Amino acid sequence: MQSVVGYIISLIILGHHATNNLLNATLTYLKHALVSVLRNVHNHAGAWTQMPLLGNQKLDEYMVVLEDGQEVWTEFVMAPDSEHAAWAGYELSTNRNAYLKDVIRTDEW
């Protein structure tokens, strides 16, 4: 906000030529700041670009059967193997306050 007020005051007092110089200096500063931020993001990007589930893993669909004492329902999860699917089903059961009844791979023959 102060820079906007300073820009308006300099426009009134100093005239158009001086405010153009101030505006150019401000834009140059912002450009250098943005380049610096982008360099930092680029330097650290290698640590963040490899997401665990987006690698070369093949994910299969699993059906998770849950029961809360009155009704039974199914939810679907994607997991690389049955162990990960079972843990995902367990997490769903605790989040839904239900019992985990079964975990079944849907495309299994």
Please state which one of Glu83, Glu75 is surrounded by 12 or more Cβ atoms within 10 Å (Cβ to Cβ) and out of contact with any Gly (no Cβ under 6 Å at 6 or more places or on another chain).
-> Glu75
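Determine which member of the set Leu100, Leu92 is touching a helix residue (DSSP H, G or I) at 6+ places or on another chain (Cβ under 6 Å) and in contact (Cβ under 8 Å) with a residue 12 or more places away in the chain.
Numbers: Leu92 fails: touching a helix residue (DSSP H, G or I) at 6+ places or on another chain (Cβ under 6 Å).
From the options Leu100, Leu92, the qualifying one is Leu100.
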Glu61 vs. criteria surrounded by 13 or more Cβ atoms within 10 Å (Cβ to Cβ), touching a Phe, Trp or Tyr at 6+ places or on another chain (Cβ under 7 Å) and modelled with pLDDT of 65 or more | yes
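Which one is nearest to the chain's Cα centre (by Cα), of the residues in segment 76-97 that are outside any helix (DSSP H, G or I) and more than 19 Å from Gln57 (Cβ to Cβ)? Please lay out each step first, then the result.
Keep residues of segment 76-97 that are outside any helix (DSSP H, G or I), which gives 76-81, 96-97.
Now narrow it down to the ones that are more than 19 Å from Gln57 (Cβ to Cβ): 96-97.
Details: Arg96: 24, Asn97: 27 Å.
Applying the filter and picking the extreme gives Arg96.
Any idea which of Asn56, Asn43 is assigned to a loop (DSSP other than H, G, I, E, B) and modelled with pLDDT under 90?
Numbers: Asn43 fails: assigned to a loop (DSSP other than H, G, I, E, B).
Answer to the selection: Asn56.
The values are calculated or read from the model by the stated rules, or taken from the named source; none is laboratory data. Worth saying up front: this structure is predicted, and the values here are computed from it rather than measured. In this analysis, Cβ positions are derived from the backbone assuming ideal geometry, glycine residues included, and neighbour counts consider all displayed protein chains.
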